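Data block below; observations after.
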Amino acid sequence: MRPVQCDACGNQVLCEKFSPAHTSVQWTADAAVVCPEFRDRAGRGEPGARTRTCRALRSSIDRAVAEGTLEADGVRVDV
């Protein structure tokens, strides 16, 4: 897993890409508490507040992929 920093708030998460469509994100306790998007949704009592997603972080991850600092590992899983 590689660290990726959110361009909007500076929170850092650990990410791993398995394919263009599959991204694993591991939030640190601080990131989950400090993320303004999570705080705003939770403060409004929105049902989506429990969803572990943030549009700004998603954009930051996409940027890291575009810059080549986060690459798909090409992990193959045989079933």
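No value in this document is a laboratory result; all are computed from the given coordinates. Fair warning: this is a prediction, and the values are worked out from it, not measured in the lab. We place every Cβ from the backbone using ideal geometry, glycine too, and count neighbours over all the protein chains shown.
Tabulated data for the structure shown
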quantity: Ranked list, fewest to most other Cβ atoms within 10 Å of each Cβ, for 18, 38; calculated: 18, 38
quantity: Likely footprinting exposure, 9, 54, fewest C-beta neighbours within 10 Å first; calculated: 9, 54
quantity: Order of 53, 23, 28 - criterion: other Cβ atoms within 10 Å of each residue's Cβ, fewest first; calculated: 53, 28, 23
